[in-house]
């Protein structure tokens, strides 16, 4: 009997209440053949979402605005990451290219707080609480990843096993990329009589099982590479004049068999040598790794070819590609230890220790750089001291990229304000080390500070208007448009009626009152636009006023609010206790939020 038949059987049973049938159906849907099983422990911040919808509100006085209008807009969100991730499910679904997180490791040593209490080693639900906590957040994170996005998660041995199984369930085992071992410390604490823990782990999944190559460091070859492979077939390659460095400076190298037992080489033409270079075109017959076209292309790119005294050909490229990263991360690939990261943070805060065990900037840069693009959107929702943003800005400075970074952290013990924000403020503006050395700021970056806020979840008319009004900052984030204009075509706007934003050719209009639509249509008629204006309109239904904007349909892209937000949120919000009927019907609609 398949699952659908069981569902039909349960719904037809007599003698069971609706709640009992609903419970049976829920158990059936949660049944798993293989994977982790844990007791889901209620979380206070999740319970809040049964009655509230999260939004983001900008703290404008903390914004650090670059003089360069094209500078990337980075975002720091103060609040619980479950609430922030829910808000980001509207602004960034399918838009995040790299997620890096360093969640609590659940060591039992006051590093993991659940419902305002530390989880210690004696807690019989220690692992269940951690899995519940991570599962809720990773499920939303998956929805945020772009088509070729990847998530990297730092962890130690306390939860590395459960994390691997949980990640395989959420992101699918076929999308598991691998596990990197990071040499975190040469001087680990001597807490065990059995083992020194010098390594932490980084697990990675991609959103899809694609063949995109990760890139590590650039190959540095101390010696030349061979031109041949013994399993290859023989072919003749022609080498143009001045392409081969020869062992003798002047004279003739006669055609014939040369080389060694391991690397035999047949020269088909005499080589005329002047000043250590061949002056004529010469041919060799061998088990070459390339065809003629590949050889010609590499010679044009500056390939250095040598003929040894024994007549063996070898080469060295002028610029090797970056190699696939090995699964061990240490100084050989340019990554520091946690001790060096601690010193970096002390330099930033004038020797004041504000954060334990920060990750090194070089580690996050190394991981981000696996994906060869300067236009990535990066998310860290366990932001800690803010290393991920620091690394992102440093990478942009190195290679001229335009990567954007989103950080999320709570403000427990003032960490968001006094560490995460303050660190990156100093990185952008510049600072002075304790020894008096001045460090230039990374000025070509803008940082905007937000706090999570809430509106009631029940979809009354009043609450819907409140949500649309409160969601304007979400819309700015979603469209990466922040500059607000108080006028449109020279006419002053009333903020309670409509607001207008632009960034170069991109424009965004938010209309809160239906009565203003005809006025806006007349104004848009007079505007010359290169890109369609994104128009958000309050609508109690999902109707985006397409007829009203018909005259300017070629200039606008309309969207009804709050329907679009409800649609995004209902994919990730905790479900209210279902009735029997709703348990077997389609997912809830906006009114059931």
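The values are calculated or read from the model by the stated rules, or taken from the named source; none is laboratory data. Source: prediction; values computed, not measured. Note that we place each Cβ from the backbone using ideal geometry, even for glycine, and neighbour counts take in every protein chain shown.
Details
- Taking the listed residues 465, 403, the one that is in contact with a strand residue (DSSP E or B) (Cβ under 7 Å, 6 or more places away or on another chain), modelled with pLDDT of 95 or more and in the same structural domain as residue 367 (by TED's automatic domain parsing) is 403, with no other qualifying.
- Selected residue [within 18 Å of residue 447 (Cβ to Cβ) and touching a helix residue (DSSP H, G or I) at 6+ places or on another chain (Cβ under 9 Å)] from 355, 381: 381
- Of the residues examined, residue 449 is one that is within 25 Å of residue 45 (Cβ to Cβ), surrounded by 18 or more Cβ atoms within 10 Å (Cβ to Cβ) and in contact with a helix residue (DSSP H, G or I) (Cβ under 7 Å, 6 or more places away or on another chain).
- In the set (1) more than 16 Å from residue 573 (Cβ to Cβ); (2) in a helix (DSSP H, G or I), the condition left unmet by residue 47 is number (1).
- Within the stretch 48-77, if we keep just the residues that are in contact with a helix residue (DSSP H, G or I) (Cβ under 7 Å, 6 or more places away or on another chain) and over 17 Å from residue 476 (Cβ atoms), the residue that is surrounded by the fewest Cβ atoms within 10 Å (Cβ to Cβ) turns out to be 49.
- Scanning the stretch 209-230 for residues that are loosely packed, with under 15 Cβ neighbours inside 10 Å and part of a loop (DSSP other than H, G, I, E, B) returns 209, 210, 211, 212, 213, 219, 220, 221, 222, 223, 229, 230.
- Selection of first residues in the stretch 292-311 that are surrounded by 12 or more Cβ atoms within 10 Å (Cβ to Cβ) and of second residues that are modelled with pLDDT of 95 or more and assigned to a loop (DSSP other than H, G, I, E, B), restricted to Cβ pairs under 6 Å at least 6 apart or on distinct chains, gives the following pairs, ordered by first then second residue: 299/243; 305/243.
- Condition met for residue 512 (more than 26 Å from the chain's Cα centre (by Cα), assigned by TED's automatic domain parsing to the domain that holds residue 88 and buried (at least 17 other Cβ atoms within 10 Å of the Cβ)): no
- Verdict on residue 455 being under 24 Å from residue 71 (Cβ atoms) and not in a loop (DSSP other than H, G, I, E, B): no
- Unmet criterion (only one of (1) at positive phi; (2) surrounded by 17 or more Cβ atoms within 10 Å (Cβ to Cβ)) for residue 351: (2)
- Qualifying residue in the stretch 284-304 (condition: out of contact with any helix residue (DSSP H, G or I) (no Cβ under 8 Å at 6 or more places or on another chain), closer than 28 Å to residue 178 by Cβ and not assigned by TED's automatic domain parsing to the domain that holds residue 438): yes
Okay, residues lined up against (1) under 15 Å from the mean Cα position of the chain (by Cα); (2) surrounded by fewer than 18 Cβ atoms within 10 Å (Cβ to Cβ); (3) under 12 Å from residue 76 (Cβ atoms):
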| site | (1), (2), (3) |
| --- | --- |
| 387 | yes, no, no |
| 393 | yes, no, no |
| 406 | yes, no, yes |
| 409 | no, no, yes |
| 413 | no, yes, no |
| 424 | no, no, yes |
| 433 | no, yes, no |
| 440 | no, yes, no |
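- Odd one out for residue 86, checked against (1) over 21 Å from residue 167 (Cα atoms); (2) modelled with pLDDT of 75 or more: (1)
- Within the span defined as the stretch 112-132, one or more residues are part of a helix (DSSP H, G or I), touching a residue at least 40 places away in the same chain (Cβ under 8 Å) and in contact with a strand residue (DSSP E or B) (Cβ under 9 Å, 6 or more places away or on another chain).
- Among the residues making up the stretch 308-348, those that are out of contact with any helix residue (DSSP H, G or I) (no Cβ under 8 Å at 6 or more places or on another chain), at pLDDT 90 or above, within 30 Å of residue 288 (Cβ to Cβ) and not in a loop (DSSP other than H, G, I, E, B) are 313, 314.
- Residue check for residue 375: under 20 Å from the mean Cα position of the chain (by Cα), within 20 Å of residue 146 (Cβ to Cβ) and exposed (fewer than 15 other Cβ atoms within 10 Å of the Cβ): yes
- Qualifying positions in the stretch 141-167 - touching a residue at least 60 places away in the same chain (Cβ under 8 Å) and either over 21 Å from residue 408 (Cα atoms) or surrounded by fewer than 21 Cβ atoms within 10 Å (Cβ to Cβ) (or both): 142, 143, 146, 147, 148, 162, 165, 166
- When residues in the stretch 236-256 are screened for being in contact (Cβ under 8 Å) with a residue 12 or more places away in the chain and surrounded by fewer than 17 Cβ atoms within 10 Å (Cβ to Cβ), 14 of them pass.
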